[in-house]
Each structure stands twice: as structure tokens, then as C-alpha cells.
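Below you'll find the structure, written out as C-alpha cells, and then a few comments.
What follows is calculated from the coordinates using simple rules that are stated; it is not laboratory data. None of these values were measured; they are calculated from a predicted model. Cβ coordinates were reconstructed from backbone atoms using ideal geometry, including for glycine residues, and neighbour counts include every protein chain displayed.
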Amino acid sequence: MHTLPDEVVQAFDTLVDTESRNGYMVALRNRGWTLQSIAEATEVSRERIRQITKSGEVFPIPPAGFPLPSPPEKEKKKAPREFVEPSPETLARLLELQPIAQKVRANSPNHRAEAEEYSSLVNHAHTVEGVPLYRLAKRLGVTHGALRFRLARYGYKAPSAGNTSKAYTPIKAENRVS
């Protein structure tokens, strides 16, 4: 929200004819002032100022003594966030193991070694490489909840608070490969 300086408000008070006021409004608008800031200084609605400045009508330029300040500088945008990506080797191995690891059902020992390696790599990418689960899930084409579940099921993470589902119980020791 920009506010015009007091000298501009006082300058508007000295202008009596409408065409000079309109010309001053157009000049301020061309300098980059917002409709709202001009409206507050002139006690005219924003819509009316918009109509005046967009009319295309040529108004007299305000006299030389009238201040035409520039609006305050906008804050510079923050630098774009840098996203941590999994290493190409880790991602390639994860994509290779994923279809096999997804075949594991319940407490079956079938494909368990691949599933454990897959879970270990997911944990490695998340904890060691610092890849957020959401970003890793996007690269693998799954949901971050699925990765969180896998990490909880294989004992790398605790289940989220309040989750007492039996699905989050760790895999039985006799079904583990290692």
C-alpha cells in the first residue's frame, strides 16, 4: 500500500479547476502510483481515477512547481528456492527396484530383498541426500504418503502421530531378509 507524500495532497488542495486536477492524476498514475494511493490523496474513488486515466483525453500538464514523486521501490523478490534432487544413480536404482518392490504383499518373503533395498534407498535419499519425500515421490510417480508408509513399515520412520493402524506395524523379523 503506497501513500502519496503530504506535499502532493496539499498540491491537490490548491488545484481548483477539474482539468488541472485530472492532468495531475494522470501524471501521478504515469509515474507508477496506484489508483488507491491517488484516490486517498484526492478523495475521489479509485474507479473514477481509473476512468480519468484510461479515457485517453489529453489534460494540461501540471505546472512546474507541482511535485511528481516516484512511488517507493517494490521489495525485491526472494531468490527462487533450490530443490534438492536425488542423485542420478540413486534415482535410477530406485526406478529399477520400484516395480519389484511393489509386488511384495503382506508378510510374504517373495521379493523381500528388493523391497528392503528399495526402502533403504528411499531412506538414504531422504536422510543422507536431503531430498524431501514430496520431491522424491514426484520423481518416482507415487504419493509422499506411500513413501512415508513404506519408511514406517520398514522401521526407518515412526508412524505419524495418532496413527494406530495395523498397516503401520513393522514387518515381522522372520520375514526380513537381513
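Worth a mention:
- Computed [θ] at 222 nm, helices only, for the chain once each DSSP H run of length n ≥ 4 contributes -39500 (n - 2.57): -15000 deg cm²/dmol
- Centroid-to-centroid, using Cα positions, segment 12-49 and segment 56-109 are 37 Å apart.
- Residue order, fewest to most beta carbons within 10 Å, for 16, 131: 16, 131
- Within segment 1-90, the GluC sites (Glu not before Pro) that combine a DSSP coil assignment with at most 15 other C-beta atoms in a 10 angstrom radius are 43, 57, 73, 75, 82.
- Fewest-first ordering of 134, 154 by other beta carbons within 10 Å of each residue's beta carbon gives 134, 154.
- Qualifying chymotrypsin sites (Phe, Trp or Tyr not before Pro) in segment 20-84, DSSP loop, other Cβ atoms within 10 Å at most 13: 83
- Applying a DSSP loop filter and a limit of 15 other Cβ atoms within 10 Å to the trypsin sites (Lys or Arg not before Pro) in segment 86-148 leaves 103, 105.
- Cross-link pairs exceeding 31 Å in C-alpha to C-alpha distance, out of 74/138; 77/138; 54/74, comprise 74/138.
- Over all other residues within a Cβ to Cβ distance under 13 Å of residue 9, the charged ones net out to -4, with Lys and Arg as +1 and Asp and Glu as -1.
- Prolate/oblate/rounded label for segment 6-54 (Cα gyration tensor, a/c 1.5): rounded
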